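Only one structure is covered here, and it is reproduced in the block below.
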Amino acid sequence: MIGRIRGVLVHKAPPFLMVEAAGLGYELEAPLSLFAELPETGREVCLLTHFMVKEDLQTLYAFSSESQRDLFRLLLRISGVGGKLALAMLSAMSPTQLQQCVAAGDITTLCRIPGIGKKTAQRLVLELKDKLGPVQGTGAETGTAVAASTPLAEARAALEALGYKPAEAERMLARVPEADGLRTEALIRQALAQSLGG
């Protein structure tokens, strides 16, 4: 199990990033919220990781906090939730927001996350309610990302990587006020917030 990686950030294009450590380049997938916390490429980073092995695929996921990684691992235990869907959930919501949705039994908001239908949302509420504990804080933050090209293009690519269809991602970004003047992380944050009714 690879639990942590420290090295030089050499590339970031949400939801992927690459860290070079001991001469090897590790490609990682991460929630969009992580990209807002990353430094510029060429700087050192230290990230918590989760290594997943399937029959035909090996994936290394990166997280900024223990709580985020713990929630990712908890989501993976739920029937019908794989790495891609768990990552989409953590990109659309902070751990606190997800906790609040589960505590309130807010199926409607959970169904707005790409890949989550009513049955999966109900299963999430049922299986997570007793495991997440009491809600703390307001959890105002949502998924964010950092631009690698133009802010709009990168935001569109990040939303599509989360599972939104191209036309849907375009519509979400079109509803963001003064989108042309915003950085990528702000564009994605506002697009996701509007999509989730926030």
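Please arrange 53, 81 by how many other C-beta atoms lie within 10 Å of their C-beta, fewest to most.
Values: 53 9, 81 21.
By the 10 Å Cβ count, ascending, the order reads 53, 81.
Work out the charge dipole of the chain with +1 on the Cβ of Lys and Arg and -1 on the Cβ of Asp and Glu about the Cα centre, then indicate which of 122, 191, 53 is farthest towards its positive end.
Result: 122.
Just 156, 43, 69 to compare: in a GNM of the chain, with alpha carbon springs under 10 Å, which one fluctuates most?
Ranking 156, 43, 69 by mean-square fluctuation puts 43 first.
Students often get this wrong, so check it: of 12/119; 54/165; 12/131; 12/129, which have C-alpha atoms separated by over 30 Å? Can you show the working numbers first?
Working: 12/119 34 Å; 54/165 26 Å; 12/131 33 Å; 12/129 34 Å.
As for pairs spanning more than 30 Å Cα to Cα, those are 12/119; 12/131; 12/129.
Quick one: putting +1 on the C-beta of Lys and Arg, -1 on the C-beta of Asp and Glu, what dipole do you get for segment 4-63 around its Cα centre, in Debye to the nearest 20?
Working: 5 positive and 8 negative charges, 33 e Å.
That gives segment 4-63 a dipole magnitude of about 160 debye.
Quick check on the chain: of the DSSP beta bridges with both residues there, what percent are antiparallel, nearest 5%?
Values: 22 of 23 bridges.
Here the share of antiparallel DSSP bridges comes out near 95 percent.
Which residues' amide hydrogens lie under 5 Å from the amide hydrogen of residue 93, considering only partners 5 or more residues apart or on another chain, with H built in the peptide plane?
Those lying under 5 Å, H to H, from residue 93 are 143.
Tell me the Kirkwood hydrodynamic radius of the chain in angstroms, computed as one over the mean inverse distance between distinct C-alpha pairs. Walk me through the numbers on the way to the answer.
Details: mean 1/r = 0.0585 Å⁻¹.
Kirkwood hydrodynamic radius for the chain: 17.1 Å.
Shape verdict for segment 66-128, please, from the Cα gyration tensor: rounded (a/c under 1.5), prolate (a/b greater than b/c) or oblate. List each step's numbers first, then the result.
Values: a/c = 1.37, a/b = 1.18, b/c = 1.16.
Rounded, because the longest to shortest axis ratio a/c is under 1.5.
For segment 151-195, what value does the Rg/Rh ratio take when both radii are computed over Cα atoms and Rh is the Kirkwood radius, given to two decimals? Before the final figure, lay out the partial values.
Values: Rg = 8.9 Å, Rh = 9.9 Å.
Using Cα coordinates only, the ratio equals 0.90.
What's the magnitude of the charge dipole for segment 66-128 around its Cα centre, counting Lys and Arg as +1 and Asp and Glu as -1 at the beta-carbon? Answer in Debye, nearest 20.
Numbers: 8 positive and 4 negative charges, 51 e Å.
The dipole magnitude comes to about 240 debye.
Please state, as a whole number in µm²/s, the translational diffusion coefficient that the Stokes-Einstein equation yields for segment 4-63 at 4 °C and 1.567 mPa s, with Rh defined as the Kirkwood radius across alpha carbon pairs.
On the way: Rh = 11.5 Å.
Taking Rh from Cα pairs, D becomes 112 µm²/s.
Suppose every Lys and Arg Cβ carries +1 and every Asp and Glu Cβ carries -1, with no other charges. What dipole size does the chain come out with about its Cα centre, to the nearest 20 debye? Could the numbers behind the result be given before it?
Working: 21 positive and 21 negative charges, 120 e Å.
Charge dipole of the chain: 580 debye, to the nearest 20.
Name the most mobile residue of 118, 129, 54, meaning the one with the largest mean-square fluctuation, in a Gaussian network model of the chain with Cα contacts below 10 Å.
In the Gaussian network model the winner is 54.
Cut-off 10 angstrom, C-alpha nodes, Gaussian network model of the chain. Which of 21, 88, 62 fluctuates the most?
The residue with the greatest mean-square fluctuation here is 21.
Bear in mind these aren't lab numbers, they're just calculated from the coordinates by the rules spelled out. Source: prediction; values computed, not measured. Neighbour counts run over all protein chains shown; Cβ positions are idealised from the backbone, glycine included.
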